[in-house]
Amino acid sequence: MKLRTLIADDEPLARERLRYLLSGDGDIEIVNECRNSREVISELRNSPVDLLFLDIQMPGRGGFEVIEQIGAGSMPVTVFVTAHSHYAVQAFEAHALDYLTKPVEMERLQSTLRRVKERIAANRALATQEQLKSILASIDGAAPPPRREYPTRLLVANGTRDSFVTVSDIEWIEAADYYSCLHVGAKCFMLRETIKQLANTLDPKEFVRIHRSAIVNITQVREILREGRSEGGVILNSGQRLRMSKVGWRSLIEVSRGRSAQTSG
């Protein structure tokens, strides 16, 4: 793909020499020439190019003012061309790729063109990469979210030893300040996590917070008791009775219905 190139210089001989030197490069396509900054600004706004050879001193606004008008982020790859070498630092501060002094020599121009092609190739590769990321993101957005993995065992400090507790064996969990008491049969294990943290960690289809101080394993629930408008209770397979809030009752019923639907399906 040829690089659409714009030459901007108020000196006809300078434009002619640069056009002649660039004609030997088959990758360069000179689409237009400009004599002043007004023409440059108009050309860039109406017909974007890949490469701009820009004279720093031109009638009206100079090369630096062109960049201010267009915006550095909207400029093509820019090479400054001027007879005054003292502008070099300012040119690079304006994000120019290179800086050529007049009269432009072929060897120096060829070096600049190599850098230009490397930069444009890198920019195009980056643009392609961003497009691929956007496409993949849209595909990921349309796909169902990955299933969350929930722990099957919890590590509990038990004196000088650490014990593993199988999550499915937990009958219910009791809040104890900054700890949670895991009830597993006749045993109790103190885990240094709040009941709120556990409620966010365990599978919500298996464990339901029925009260601010209790989480229950739904497979261990034998009966649901309704006692008034605000609170009720549950009775576990072990015979343990637990209090249940109105919000907890709704959550338990919702999860129970969901499990029943899955079983029947």
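Determine which single condition Glu29 fails, assuming it passes every other condition in (1) without any contact (Cβ under 8 Å) to a residue 40 or more places away in the chain; (2) assigned to a helix (DSSP H, G or I).
Glu29 satisfies all of (1) without any contact (Cβ under 8 Å) to a residue 40 or more places away in the chain; (2) assigned to a helix (DSSP H, G or I) except (2).
Of the conditions (1) surrounded by 15 or more Cβ atoms within 10 Å (Cβ to Cβ); (2) more than 39 Å from the chain's Cα centre (by Cα), Ala83 clears all except one; give me its number.
(1)
Among what's in region 101-111 and is free of Cβ contacts under 8 Å to residues at least 24 places away in the same chain and touching a strand residue (DSSP E or B) at 6+ places or on another chain (Cβ under 7 Å), pick the residue that is nearest to Ala14 (Cα to Cα).
The extreme case among them is Thr101.
This table checks each residue for (1) open to solvent by 30 Å² or more (accessible area, probe 1.4 Å); (2) not acidic (Asp, Glu).
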residue: Gly26; (1), (2): yes, yes
residue: Glu39; (1), (2): yes, no
residue: Val49; (1), (2): no, yes
residue: Gly63; (1), (2): no, yes
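Test Arg114 against the criterion of being without any contact (Cβ under 8 Å) to a residue 40 or more places away in the chain and outside any helix (DSSP H, G or I), and give yes or no.
Spelling it out, it is not the case that Arg114 is without any contact (Cβ under 8 Å) to a residue 40 or more places away in the chain and outside any helix (DSSP H, G or I).
Which residue out of Leu18, Leu100, Leu54 is buried (at least 17 other Cβ atoms within 10 Å of the Cβ), closer than 18 Å to Arg115 by Cα and at pLDDT below 90?
After ruling out the rest, the residue left standing is Leu100.
Looking at region 237-256, which of its residues are part of a loop (DSSP other than H, G, I, E, B) and either in contact (Cβ under 8 Å) with a residue 24 or more places away in the chain or within 41 Å of the chain's Cα centre (by Cα) (or both)?
Within region 237-256, Asn237, Ser238, Gln240 qualify.
The values are calculated or read from the model by the stated rules, or taken from the named source; none is laboratory data. In this text, all values refer to a predicted model and were calculated from it rather than measured experimentally. All Cβ positions, even for glycine, are placed from backbone atoms using ideal geometry, and neighbour counts span all protein chains on display. Note: areas computed on protein heavy atoms with side chains; ligands, DNA, RNA excluded. Shrake-Rupley method; radii C 1.70, N 1.55, O 1.52, S 1.80 Å.
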